Amino acid sequence: MASLLKILNNPLTLLAIMAVTWYPTRDFLALTAAIMVFVTLQIILEKMVNREIPDFLFGSWCLLIPLGSLTLFFRDPLFLQWKFSVVYWLFGLILILSRLLGKKDILKSMLSLAGPQLKAVEDIVWKRANYSMAFGLILLGFLNLYVIRIGDMDLWINFKFYGATIYNILLFGAVGYYIFKGLPEEETPTSKSD
């Protein structure tokens, strides 16, 4: 079960499910249903394996089920398309508000798990990285709306597969590079000549 959960939690798996559903059928109702089933399966497996559901996944699912249901009921993809913008905006706002109101940097909390050396990064670096990530996600939400407005479902799907994926890789890569660049250099002992 745990290995299946690892596969399902890989973001590329959702993209593969979307591609396998969309490209042969071009049916946004089938696409919506596939996404809803996939994320619901993730929720069930998370609960069974880990006994808890990550906030990110649960929040996304809480938006997906009603908006996906509206998409299916009204046969209008706009509800599903808007879900992605709302998720990006919420995560961006959560990053901003947690820093402003709670003085807690969620990005730092999450990434510090990657290694104890990241705790040595100065607070100003974390602050800039946090805001860069937040505003980058908010911008992606607006880019999603722009693509919805100017194009058809094929364009939007291609944007989700390629554009948003590349954008996220660049955003996370740039922020990660900035954070790692902010690591203090290790002091090496100098050898003394006698």
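The values are calculated or read from the model by the stated rules, or taken from the named source; none is laboratory data. Here the structure is a predicted model, which means the values were calculated and not measured. Here the Cβ positions follow ideal geometry from the backbone for every residue, glycine too, while neighbour counts run over all protein chains shown. The area values use the complete protein model at the heavy-atom level, side chains included, leaving out ligands, DNA and RNA. Shrake-Rupley method; radii C 1.70, N 1.55, O 1.52, S 1.80 Å.
Computed from point charges on the beta carbon alone (+1 for Lys and Arg, -1 for Asp and Glu), the dipole magnitude for the chain about its Cα centre is near 320 Debye. Stretched out straight at 0.36 nm per residue, the stretch from residue 3 to residue 110 would grow longer than its current Cα-Cα span by 36.3 nm. In this view, the solvent-accessible surface of residue 153, computed with a 1.4 Å probe and all protein chains in place, comes to about 30 Å². Have a look at 60, 85, 109 and tell me which one the Gaussian network model of the chain (Cα, springs below 10 Å) gives the largest fluctuation. It is 109.
Computed with a 1.4 Å probe over protein heavy atoms only, the accessible surface of the chain comes to 62 Å² per residue. When shorter helices are ignored and each DSSP H run of at least 4 residues is given -39500 (n - 2.57), the per-residue value for the chain at 222 nm works out to -25000 deg cm²/dmol. Placing +1 on the Cβ of every Lys and Arg and -1 on the Cβ of every Asp and Glu, with no other charges, gives the stretch 11-81 a dipole of roughly 120 debye about its Cα centre. Here the stretch 42-194 has 66 percent of its accessible surface on carbon and sulfur atoms, given a 1.4 Å probe and all protein chains in place.
Computed from label points 7 Å out along Cα-Cβ, the spacing between residue 75 and residue 101 is 4.2 nm. Considering only 139, 66, 4, and ranking their Cα positions along the charge dipole of the chain that arises from unit charges at the beta-carbon of Lys, Arg, Asp and Glu, the one farthest toward the positive end is 66. In the set (1) 1.22; (2) 1.36; (3) 1.72, the label that goes with Cα Rg over 2.2 N^0.38 Å computed for this structure is (1).
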